[in-house]
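One structure is given below, encoded as C-alpha cells.
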Number of protein chains: 2
Amino acid sequence: MKNQVLVVGSVAFDTVENAHGRAERVLGGAASYSSISASYFADPAVVAVVGTDFAAKDSAPFKKRGVNLDGLQVKEGKTFHWGGSYDKDLKNAVTKFTDLNVFQDFNPTLTPEQKEAKAVFLANIDPELQLSVLKQVKNPKLVACDTMNYWITSKRDAIIKVLKQTDLFFLNEAEARQLTGEYNLITAGKKILKLGAEHVIIKLGPNGSMLVSKLGIVQFPPYILEHVYDTTGAGDTFGGGATGYLASLRKWDTLSAIKRAMMIGNVMASFAIESFSVKRLANIKEGEIEKRLQDYTSMLRF
Amino acid sequence: MKNQVLVVGSVAFDTVENAHGRAERVLGGAASYSSISASYFADPAVVAVVGTDFAAKDSAPFKKRGVNLDGLQVKEGKTFHWGGSYDKDLKNAVTKFTDLNVFQDFNPTLTPEQKEAKAVFLANIDPELQLSVLKQVKNPKLVACDTMNYWITSKRDAIIKVLKQTDLFFLNEAEARQLTGEYNLITAGKKILKLGAEHVIIKLGPNGSMLVSKLGIVQFPPYILEHVYDTTGAGDTFGGGATGYLASLRKWDTLSAIKRAMMIGNVMASFAIESFSVKRLANIKEGEIEKRLQDYTSMLRF
C-alpha cells in the first residue's frame, strides 16, 4: 500500500487471431495489462467492472501479481469482449466485434481508501470518466493518463479538461498528430504541453517512445525483439510499467527518473508481446527484468 | 589521402518542391550528399559523371569541403536531373521527372591511384556498376554499399553478388523487407548477413537506424529535430558520414566503432535535412558536429 497506484480502465476478454494462432476469450483490457505491468514496481489497485461470467481463473493473473481487486465491480451481465484479427506482420488489427456489455455503464466510484491514492493511472476510457475519477481523488502526487483516437474525435473538450490535471500524458504518434494537427512530434508534444499536461510521452510502437517536457526532449528506441507473438496491450503495458516505477519514487518529476521510466516501459512491453494475453507478462521470473534493463542500457552505451 | 574514401554514385541536379518552397536545379545526388558528409571525417574522392552544363558554382560545395573531384568525368550533354514534390509532412516524395541524361551511360573507370583506395562507398547505383568498381579496387579494408527498391526488383542477382563482397550494407526498412520477404527487421537483417554482408545497417528514416551484425543488434533513435526543411539526401548523408568515420579508424570492425558511426550518421543526417540541397551540410561550423554528438550522447545516457 505504500506505493499504491490506482489503475482505472477496462478489464476485458479478448479474442485475437494472428499469424501465430488464435486466443479465445483470454484476459485483456487496458487496466489488466497496465496494472500487471505496474505490479513489478508498485502496488496497483484496479478500478474496473466485469460481468458475472468473469471466473476465478480470469482473476488469477492479478492475484499472482498481488494486484488489489477490491475495486473490481461485478455486474449482472457479460464482461466487455473485444475480437480482432491482425495482419501477418502483427502490426494492424482489424476489429471484428466490440461487445461493451457491462462496461457500457462503467462509472468508477472510489472507496474512501482509493480516494487517498498517491498515484493514478487513467487507462484509455471515456475522458468524462477520467474527469470523474480526478474529482474523487484527493491529492495525488502523480496523475498519468492514456487516451485513444476515438475520444479525440468524439470528446475533445473533455480530453483537454483532463490534460489540465495530468502530469504524464501517454498517447501514440497518430493520436498526437490527430489531437494537435501537427505532423512533427516535437511540435505536437509542445502543443500538448501548452494544453496543460506537464509531460507528454508519445508511444512509437516498434520504434520506442518520445518524451516532450520542459525537462527535455528524448527519443528512445524499443527493447528490440526478434520473436513477437502478439502486440495487443503493448502500449498499456508500457504506460503501466512507467507509471508504476515513477509511483515508487520519492521524487518522480526529474528528467532522469522519467527517462528510466520510459526504459522500464519499453522493457515491460517487450514481455507483453511475447505471448497472447498477459501469460508472459504475469509470469516474469526473478532477474528477467533486470537482465533486459542491463542489455538495453548496454545497447545505448558508447 | 591518408583516409581516402572512394565514393561512387550520382552527382545530379534536383528540383524539389515542398511545404517550405521550391529549389530549382540545385546540387543533389547520392554521391554529393555522401561525399560531403564523409569529408568531415576522411578524405573522399568522388567517381561520377556530369554534363557540360555542370558549372564551377555547382562544384563549389565539394571544393569547400576538400572533396577530390579528379574522378568526376564531364561528358557532352546534360547532367542527371531529378524533380520531385514532397507531401506537406516532408515524408513522401512524388517523382515528377527523372532525366538520367549523361548518367545513363555512367561507367566508373578508376585511375591507378583510385584502385588503391582503402575504403569505398558504393552509393545507390546499378549493382552491376557496383560490381565493376569492386573488380577494379585492389584491397580495400572497408567496402560500404547502399541500394534502392528499383534494383532489388530488377537486378536482385547482381545485388546478391555485391553483398558477398560488402562489409557494411545500408538499406532502408522497406528495402530490407523487400529483399528478404521478412517483416521483422532483425530477421530481415540476419537473412542479409546470410546472403554475405558482414554488417547490415537498416535506415529507419525519422526513427533512426538499426545494426544487425554478428557483433550485436542495436537500434538507435535519430538525432531529433523540430524544424525539418527537406529530407532529400538524408540516407546518403547518413551512410557517407558513417563510412567516412569508420574509414578514419585503424580498426573499424568493432561494435563500439560501428555504434559510434551510426551515431555520427544520425547527426550528419540532421544537418542535411535543415536546408534544401547541401547548403547546410557543406557549411557546418567548427564545433557544431561535436555539440550535437554531445547532446545525442546525453539524451541516451542514464
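The values are calculated or read from the model by the stated rules, or taken from the named source; none is laboratory data. Everything numeric in this text was worked out from a predicted model, so none of it was measured. Backbone-built Cβ (ideal geometry, glycine too); neighbour counts: all protein chains shown.
Among the candidates B:S277, B:S270, single out the residue that is over 13 Å from the mean Cα position of the chain (by Cα) and at positive phi.
Matching residue, one of B:S277, B:S270: B:S277.
Give just the number: which of (1) over 16 Å from the mean Cα position of the chain (by Cα); (2) closer than 26 Å to B:N3 by Cα does B:G233 not satisfy?
The failed condition is (1).
Please state which one of B:V16, B:V49 is closer than 17 Å to B:S277 by Cα, buried (at least 21 other Cβ atoms within 10 Å of the Cβ), of a type in the set (A, V, I, L, M) and over 14 Å from the mean Cα position of the chain (by Cα).
None of the other options fit; the residue is B:V16.
If we keep just the residues of the stretch B:222-250 that are within 8 Å of chain A (Cβ to nearest Cβ) and touching a strand residue (DSSP E or B) at 6+ places or on another chain (Cβ under 9 Å), which is nearest to B:D167 (Cα to Cα)?
B:P222
Filter the stretch A:13-38 down to residues that are part of a strand (DSSP E or B) and in contact with a Leu (Cβ under 9 Å, 6 or more places away or on another chain), then give me how many there are.
Qualifying residue count, the stretch A:13-38: 3.
For (1) in contact (Cβ under 8 Å) with a residue 24 or more places away in the chain; (2) under 21 Å from A:P222 (Cβ atoms); (3) crowded, with 24+ Cβ neighbours inside 10 Å, each residue gets a yes or a no:
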position	(1), (2), (3)
B:Q178	yes, no, no
B:Y183	no, yes, no
B:K190	no, yes, no
B:K194	no, no, no
B:G205	yes, yes, no
B:V218	yes, yes, no
B:S248	yes, no, no
B:A257	no, no, no
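Can you name the residue in the stretch B:201-221 that is in a loop (DSSP other than H, G, I, E, B) and over 16 Å from the mean Cα position of the chain (by Cα) and, of all such residues, is farthest from the other protein chains (Cβ to nearest Cβ)?
B:K214
Sort out which residues of the stretch A:38-95 are touching a residue at least 40 places away in the same chain (Cβ under 8 Å), among the basic types (K, R) and farther than 30 Å from B:T180 by Cα, and write them in order of number.
Selection gives A:K64, A:R65.
Can you name every residue in the stretch A:118-139 that is free of Cβ contacts under 8 Å to residues at least 24 places away in the same chain and either part of a loop (DSSP other than H, G, I, E, B) or on the phi > 0 side of the Ramachandran plot (or both)?
Across the stretch A:118-139, the qualifying residues are A:K138, A:N139.
Scan the helices (runs of 4 or more DSSP H) fully inside the stretch A:148-192 and keep the ones with 2 or more residues being touching a helix residue (DSSP H, G or I) at 6+ places or on another chain (Cβ under 8 Å) and modelled with pLDDT of 95 or more.
Answer list for the stretch A:148-192: A:156-163, A:173-180.
Would you pick out the residues in the stretch A:281-291 that are outside any helix (DSSP H, G or I), without any contact (Cβ under 8 Å) to a residue 24 or more places away in the chain and closer than 18 Å to A:Y223 by Cα?
A:K285, A:G287
Check whether at least one residue in the stretch B:98-109 is buried (at least 16 other Cβ atoms within 10 Å of the Cβ), closer than 25 Å to B:D253 by Cβ and more than 14 Å from every other protein chain (Cβ to nearest Cβ), and report yes or no.
No, every residue in the stretch B:98-109 fails to be buried (at least 16 other Cβ atoms within 10 Å of the Cβ), closer than 25 Å to B:D253 by Cβ and more than 14 Å from every other protein chain (Cβ to nearest Cβ).
Residues in the stretch A:90-112 that are charged (D, E, K, R) and in a helix (DSSP H, G or I): how many?
1
If you check B:K115 against the conditions, is it assigned to a helix (DSSP H, G or I), touching a residue at least 12 places away in the same chain (Cβ under 8 Å) and more than 20 Å from the chain's Cα centre (by Cα)?
Yes, satisfied.
Counting only residues that are within 19 Å of A:A31 (Cβ to Cβ) and of a type in the set (G, A, S), which one in the stretch A:128-157 is farthest from the chain's Cα centre (by Cα)?
A:S132
On the basis of being buried (at least 16 other Cβ atoms within 10 Å of the Cβ), on the phi < 0 side of the Ramachandran plot, away from every other protein chain (no Cβ under 14 Å) and assigned to a helix (DSSP H, G or I), does A:M262 make the cut?
no
What number goes with the only condition from (1) surrounded by fewer than 24 Cβ atoms within 10 Å (Cβ to Cβ); (2) in a strand (DSSP E or B); (3) among the hydrophobic types (A, V, I, L, M, F, W, C) that A:F54 does not pass?
(2)
Given the conditions (1) of a type outside the set (D, E, K, R); (2) buried (at least 17 other Cβ atoms within 10 Å of the Cβ); (3) more than 23 Å from B:M262 (Cα to Cα), report the number of the one that B:S85 does not fulfil.
Condition (2) is where B:S85 drops out.
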